[in-house]
1. Which FRET efficiency value, to the nearest 0.05, do you get for Ala399 and Lys557 by plugging their Cβ-Cβ distance into 1/(1 + (r/R0)^6) with R0 = 35 Å?
2. What FRET efficiency do you get for Lys415 and Ala344 if R0 is 41 Å and r is their Cβ-Cβ distance, rounded to the nearest 0.05?
3. Can you compute 3J(HN,Hα) from phi for each residue in segment 153-164, using the Karplus curve 6.51 cos²θ - 1.76 cosθ + 1.60 with θ = phi - 60°, rounded to whole Hz and x for Gly and Pro?
4. Can you work out the accessible area per residue across segment 45-136, with the rest of the protein chains kept in place, probe 1.4 Å, in square angstrom?
5. To the nearest 20 Debye, how big is the dipole of segment 224-316 about its Cα centre, given +1 on the beta carbon of each Lys and Arg and -1 on that of each Asp and Glu?
6. Tell me, what is the per residue accessible area of segment 282-404 in Å², probe radius 1.4 Å?
7. Met513 accessible area, nearest 10 Å², 1.4 Å probe?
8. Which aspartates and glutamates, if any, have their Cα less than 13 Å from the Cα of Lys139, not counting same-chain residues under 8 positions apart?
Amino acid sequence: MNDQKNLIIVIILSIAILFGFQYFFSSKSQNTPAPLAQQTHQPAPQAAAPTASQVLTREEALKAQPQRLAIESISVKGSINLEGALFDDLTLLKYRETVDPSSPHIILLSPENTKHAYFARFGWTAPQGALPNEKTVWKTNGLTLTPQTPVTLEWDNGQGLLFHQLIAIDENYMFTIVQKVTNQGTDAVSLTPQGMLTRLGEPKSAGFFILHEGPVGVFDGKLSDPSYEDIAKTGILQNPKAPGWLGLTDKYWLTALIPDPKVAMTSSYTYQGEAEKALISAIYQRDPLALEPGKSIEVTDHFFAGAKVLSLLDGYEPTLGINHFDLAVDFGWFYFLTKPIFYALDFLKNLLGNFGLAILALTVLIKLLFLPLANKSYSSMGRMKALQPEIEKIRERYADDRLKMNEKTMELYKKEKVNPMAGCLPMIVQIPVFFALYKVLFVSIEMRQAPFYGWIHDLSAPDPTTVFNLFGLIPWDPPSFLMIGAWPLIMGATMFLQQKMSPPPGDPTQAKMFLLMPIFFTYLLSQFPAGLVIYWAWNNTLSIAQQWFIMKRSEKKKKKAKA
């Protein structure tokens, strides 16, 4: 048995298992929707994809619809279209498209006749009677919606029903919509509250299989995250009737319809058209409500449109009762490990002032946590290295009898109380932490555009430098596959140094394969977030120091024993 061969197998298999499980299982929803044809009828989206001649720029669309209620807060700016009471204009003021502070702010919602239309509406359905729709022009009692000044919209259908919408917004990204209907007529009516969220075209995706972008929701406490492709197959997918929330998520941004979390709703996703021309909607309905003459009914809904800041999403559970809203952040199968790592990093960042320093500090804490295991492992590796002369003698003596060679080698391990697999343990422990940290860096908006020192301006993006233009000294932009930056090279060097301190393989072929691993991982990790490469390099450095100290101490003990 060769310990280096086992180490290589453990590394490859562990990575394959982690990424394979993530690809085949975590991307599947915990609650797969069924085709709508098997369920009750849902209203179709009351919007249509604009033709090429109808498409306007965002600025043109906003000017063409002057009847608007302005939205202003420290987090967002935009407006509500009073024709239809559409939430269709929202810009996120705390986020920009690039690290350049002069780059445009992130635009989330846009009017329905634009190229990237994205909007939401709340209202009612009924078997008969005039109801507010996307063409209804509402009256308002104010000009600007702010966290301090809620606004009420009003519309009279002229048939005895008076509709109100009280709209409020908090300091972040959560709207509250209180819908009230008063029956001033002589007949009872039945009204069904509903909400609709629509976007035009599948958005440009980050393109990574470990990240879910598309429909997302929680129904009766269970996550459901079908893909756009899942919906396109049937055109419409029905969610289970249960309390919950639903919406559409991008990598960092979320829009979500959130009715009363204690009341069951019927909801679905629809997909009409293809790719960039597809009209994608999330729709929900509550149960019908009876409205007697002279009476009023009232329902409260919430609408989230903004950045997936984890502390905000978690905070809405105790304040608004929104169950598992944090699942909008795709922490994946390692949720139980990834979320605590995120909060540990966030705490250390607030303490140290930089997420890069937080990663370094967290690595030290993880090392301390597994110190007993690592000490035992490195002690075993030290004894393994000391046994190399004896192992070489066994290999020479039984070169023609491989079975006997392995038998005698194992007898030597047993006699010296050495576990040849002990050197694999630190790597096995490190891989889940590595993957969880990768998820944190990749999906957390808090990591987006988070700077480190020197040339790293975004820990969630790969190292922007490359050795192939001498780190910027040569005026040439290499292709993406040649972007091997300084930090990946540092990581590769530490991996090589750590490898040299380990017992060498006896098989020349395995030795060559082992030597290629630092080169392979240097190239592989050059495309990963810089924060992850910094973690790996720092972790290797700490391991080298720890291994050197333990091996030196082991050598001193051995010399004393001989004396």
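1. Calculated value: 0.60.
2. Between Lys415 and Ala344 the formula returns 0.45.
3. 9, 9, 8, 10, 7, x, 10, x, 10, 10, 9, 10
4. Each residue of segment 45-136 exposes 47 Å² on average to a 1.4 Å probe.
5. 80
6. Details: 5990 Å² over 123 residues.
I get 49 Å² per residue for this part.
7. Solvent-accessible area, nearest 10 Å²: 90 Å².
8. Partners within reach: Glu83, Glu154, Asp156.
The values are calculated or read from the model by the stated rules, or taken from the named source; none is laboratory data. As the structure is a computational prediction, the values presented were derived from the model and not from experiment. Here Cβ is always computed from backbone atoms with ideal geometry, including for glycine, and neighbour counts include all displayed protein chains. These accessible areas exclude ligands, DNA and RNA; they are computed on the full protein's heavy atoms, side chains included. Shrake-Rupley method; radii C 1.70, N 1.55, O 1.52, S 1.80 Å.
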